[in-house]
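Following: one structure in structure tokens, then a few remarks.
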Amino acid sequence: MKLTTAILPAVALGLAACAHGEHPHEDADDHAMTITDHADHPDKLVRAATGEMVDNPFHPVRLLLSNEESAGEVTIYEFLLPPKSPGSPPHTHSLEDEYFYVLSGTLDVLSNGETLRLNPGDFAALNRGHAHMFWNGSDTPTELIMTTTGSSFEAFMKSAGPRIAEAKPANAEEAGAVIGQLAAEHGIIISMDKMPEAAAPFYAPPPPPEPVQE
């Protein structure tokens, strides 16, 4: 992953949030109050492949910017999806929006009831209140930047690995139930009935092991 490519989405979001135009009802004091109301969060630089790894049961995840480091505004991750692998089941957020920017490979998403394939440089805003999902249905790895608003999703991601370890599920169905309960605690509703046919093979439980012949 190239450093300049990885930070472009974050830079764009930051510029949009910080830009000041000519607003007739605002003055310098308004802007000064906005700045002082936020806790200090110094600049941060993350070199390629050095982000903090998140204990995630789904796919490799690096944390690039936490919500505490952005004054509670956003969390930014790098997602690494192996070839032909799941990303998330169909789900709907009620507390945050998600933004995806593909760095390399391709990303399949469910958005507005349609299955779409995103290519490097493509961007998708998957917003709260709308069912969506993502996966890698290709033969090559996928790298993407995922930005989420607020702090609830970051708390969910931090809790997923430990909750699975604590529950010790015996199979994929039990693991899914654990994640479903945790997701609901964070305002995320999983709806497997919305699973598109193209994604289903990547979410099927593994076949049972063959009996050992003596």
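Bear in mind these aren't lab numbers, they're just calculated from the coordinates by the rules spelled out. Just so you know, these numbers come straight off a predicted model, no measurement behind them. Ideal geometry is used to build each Cβ from the backbone, glycine not excepted, and the neighbour counts take in all protein chains shown.
The table for this structure:
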| quantity | calculated |
| --- | --- |
| Listed peptides 182-188, 95-101 by packing density, highest first (mean Cβ within 10 Å) | 95-101, 182-188 |
| Calculated P(r) tail over 24 Å for region 77-214, as whole % of Cα pairs | 32 |
| Taking region 38-108 and dividing mean pair separation by its residue count, relative contact order in percent (alpha carbons under 8 Å, at least six apart) | 23 |
| Value of relative contact order over region 71-163, rounded to a whole percent, pairs C-alpha under 8 Å and six or more apart | 43 |
| Whether region 48-150 is rounded, prolate or oblate, judged on the alpha carbon gyration tensor where a/c under 1.5 counts as rounded | oblate |
